[in-house]
Amino acid sequence: MRRAFIRVLMATITSVAIVLIFFGPQDLSQAMGPSLQAIDASESEIEGTYTVILFGARYADDIQTIAFLDREGDRYTFEIVAPDFDYKVLKSIPARKALEEAYQFVSWHPDYLRTVLGKILDDKGTAVGFEVRPFYRTTRFPSSDVMDIMYFQRGDTIKVHVKLKPKVERQLSSGGDGGHGGRGK
C-alpha cells in the first residue's frame, strides 16, 4: 500500500514538473504580457528626464543591485514586481544626473568589476528605458552577471522582475563565497 502511494505521488510530481517545464514560461508570458529584451546601449542615447529606480543595496553584501532609468514623458511606466522596501524611486532626474546616480548606486559592492548599460526595447523595438547593471569579479561569484532580469509589457506598463541567477543563488545559499571565508561546499 505504501509503495503504491509513493509511486502515485512520484508520478504526480513528475507530471506537474513536466507541465511547468513545457508550459510555464508561455503561461507566465500570457499572464504578464509579452516579454521584452535589453540590448547594449551607449550613454549618448540617454537624453531627457528620467525616473530613476534603484533596486537593491539592502544589506552589506547585497549583489542583487541594479538601476533602471524610466524615460519620463513617454507612454510607459516601469513597475518593479517586489516589495516597496526593495527599491527607491527618484523622479524628474536629468539624463546626465540619472546616469551618475545609477552608476554610483550599482558600484558600491567590494566585488564590483564594471557596469553594463542596456536599453530596454518594447515589442516594436523602441527604447522604453535603460538598465544599469553591475558585473562582479568571477573570483567571488560563478559569473560576472549575477542577475536574471525579466521585462514584461502589459499595456503601458513595463513589469520588471529581478532575481539572482540559479547558480549564484545556490552558491550563496550553500554558504559559499568563492574562497572569501564562506563555508562553501
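Only the coordinates and a few stated rules stand behind these numbers; no lab work does. Treat the numbers as computed from the prediction; the structure is a model and nothing was measured. Backbone-built Cβ (ideal geometry, glycine too); neighbour counts: all protein chains shown.
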Exercise for review: Mind computing the radius of gyration and Dmax over the alpha-carbon atoms of segment 31-185? Å is fine for both.
Suggested key: 15.7, 50
**Study point:** Cβ-defined net charge surrounding Ala102, 10 Å radius [Lys, Arg +1; Asp, Glu -1]
**Key:** -1
Study note, to complete from the structure: For the table Lys119/Lys167; Lys124/Lys167; Lys97/Lys163, the rows whose alpha-carbon distance is greater than 30 Å are Lys124/Lys167
Review point. By the scheme Lys and Arg +1, Asp and Glu -1, what is the net charge of all other residues having a beta-carbon under 12 Å from that of Leu36?
Key: +1
